[in-house]
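The structure under discussion appears below in the form of structure tokens.
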Amino acid sequence: MSGVAFGGHKEKSVDDVKWVIARQIPHLRRFALALAKNPDQADDLVQDCLERALKKRHLWHHRGSLRSWLFSMLYRTHIDHHRAHRRRDLPTAPEVINARQTQPANQEHHVECRNIGEALDRLPEDQRSAVLLVALEGFTYDEAAEVLKVPIGTVRSRLSRGRQALRDLRASAMQPRILRRVK
């Protein structure tokens with residue numbers, strides 16, 4: 001089997017590259033679910049992304065991480081799907097935030113996850129994507145900029161505005177209803 005240069009250190013087989021790609025599937029699915037807000041659409045996004053990645057693995061230039069390359073491909077696939085279908089906004093599924101689905105339900109945790117999901121839904125998509133990549137997926141600012149194909153300063157700005165909007169939403173949710181009516 002032919003080998004591909006992997007990470008610039010040694011030759012790895014195509015199966016090794018496929019194995020590395022396969023390890024990212026849970027992370028890709030979580031990000032796709034946050035973007036698509038629908039489990040079926042998220043699965044379609046991941047499927048399309050993986051299909052593209054396997055067909056185009058020879059185009060990965062080893063300049064960045066394979067993970068960033070996959071997330072970038074998933075994000076671009078989402079943008080393509082979004083432009084093609086222009087769906088109405090759907091609420092974010094609670095499992096996007098609640099990564100521990102095998103654990104018995106915790107009422108307070110579920111409500112908090114739903115509240116976070118609703119707050120994320122209120123953010124503009126560019127801010128939401130930046131927050132999800134950095135806060136949920138653990139990407140560095142440089143990696144997020146690479147995935148989103150924007151300058152690092154734009155990522156920082158979107159993150160700052162997104163985080164502030166989330167803080168404001170949380171603060172307004174904490175106010176008693178009587179105080180909110182007065183405003």
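The values are calculated or read from the model by the stated rules, or taken from the named source; none is laboratory data. Because the structure is predicted, anything quoted here is derived from the model rather than measured. We place every Cβ from the backbone using ideal geometry, glycine too, and count neighbours over all the protein chains shown. Just the protein is used for accessible areas: all its heavy atoms, side chains included, with ligands, DNA and RNA removed. Shrake-Rupley method; radii C 1.70, N 1.55, O 1.52, S 1.80 Å.
Note on Thr140 and Asp15: their simple-model spin labels are 3.3 nm apart, each label 7 Å out from Cα toward Cβ.
Once fully extended, how much extra length lies between Asp44 and Arg76, figured as 0.36 nm per residue of separation less the alpha-carbon to alpha-carbon distance?
Additional length available on full extension: 10.2 nm.
Computed with a 1.4 Å probe over protein heavy atoms only, the accessible area of Asp142 comes to about 100 Å².
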